[in-house]
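Note sheet for the following structure.
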Amino acid sequence: MLRELARKIDAFQDRFGRGVSWIMLLMVLVVFSDVVMRYVFNKSSVFAQELEWHLFGLVYLLGAGYTMLYDEHVRVDILYSRWSPRRKAWFDFFCYLIFYYPSAAMVMITSWPFVRNSYVALEGSPDPGGIPLRFLLKSVIIVGFALLTLQAFSQSIKNFYWAMGWEPREVRATEIH
């Protein structure tokens with residue numbers, strides 16, 4: 001039952017992450033048009049610059065679960081790369097329990113007042129011509145970490161199954177030489 005839940009979470013994260021990737025196309029178009037406007041027409045827009053930052057924030061926060069699903073986070077694996085698949089699974093399982101979950105809970109709990117205050121004030125850009133709905137972007141902090149935690153739960157389930165030897169560990173792209 002838990003393994004099926006992990007499969008459903010993975011499928012959701014895969015679809016969601018592919019959807020978020022379209023924001024990258026939008027970001028490239030906004031940056032390109034901003035550069036053209038600035039260097040060809042000598043015009044600059046606060047709105048365009050803030051939109052670049054906001055789109056980057058969306059991709060970074062909403063795409064983190066997708067990145068975790070495909071194990072593409074930065075990792076220094078001096079010892080890890082030499083371990084057996086079961087040892088890696090146990091290590092990952094305990095790292096999620098000891099480090100990830102408390103850290104993610106701390107980020108979500110401590111960012112809640114920050115986001116709430118932004119909503120209460122209907123915070124917008126302090127710059128003239130900037131994006132007026134900054135409070136919406138700040139709420140993505142909590143949404144992004146919730147999605148990341150959902151994927152961490154799936155990863156924990158899979159690592160436990162692999163560590164127990166109940167199913168073979170999937171080969172990561174980074175482990176293929």
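Readers should treat all values here as calculations from the given coordinates under stated rules, not as data from a laboratory. Quantities reported herein were computed from a predicted structural model and do not represent experimental measurements. FYI the Cβ positions are ideal-geometry reconstructions off the backbone, even for glycines, and counts take in every protein chain you see.
Miscellaneous remarks
- Applying a threshold of 9 Å to beta carbon distances and a minimum spacing of six or more residues, or different chains, the list of pairs starting in the range 15-27 at a residue that is touching a residue at least 24 places away in the same chain (Cβ under 8 Å) and more than 11 Å from G65 (Cβ to Cβ) and ending at one that is part of a helix (DSSP H, G or I) and charged (D, E, K, R) reads M27/E52.
- Residue within the range 48-66 that is out of contact with any helix residue (DSSP H, G or I) (no Cβ under 8 Å at 6 or more places or on another chain) and of a type in the set (V, I, T) present: no
- Only a single item in (1) in contact with an Asp or Glu (Cβ under 7 Å, 6 or more places away or on another chain); (2) part of a helix (DSSP H, G or I) is not met by I131, and it is number (2).
- Output for the range 32-47, where each listed residue is touching a helix residue (DSSP H, G or I) at 6+ places or on another chain (Cβ under 8 Å) and not in a helix (DSSP H, G or I): K43, S44, S45
- Every residue from the range 138-159 that is aromatic (F, W, Y) and buried (at least 19 other Cβ atoms within 10 Å of the Cβ): F145
- Any hit, the range 97-106, residues being within 22 Å of L137 (Cα to Cα) and surrounded by 15 or more Cβ atoms within 10 Å (Cβ to Cβ): yes
- The set of residues from the range 36-71 being closer than 30 Å to I157 by Cα, surrounded by fewer than 19 Cβ atoms within 10 Å (Cβ to Cβ) and either over 16 Å from the mean Cα position of the chain (by Cα) or among the small types (G, A, S) (or both) comprises just one member, G57.
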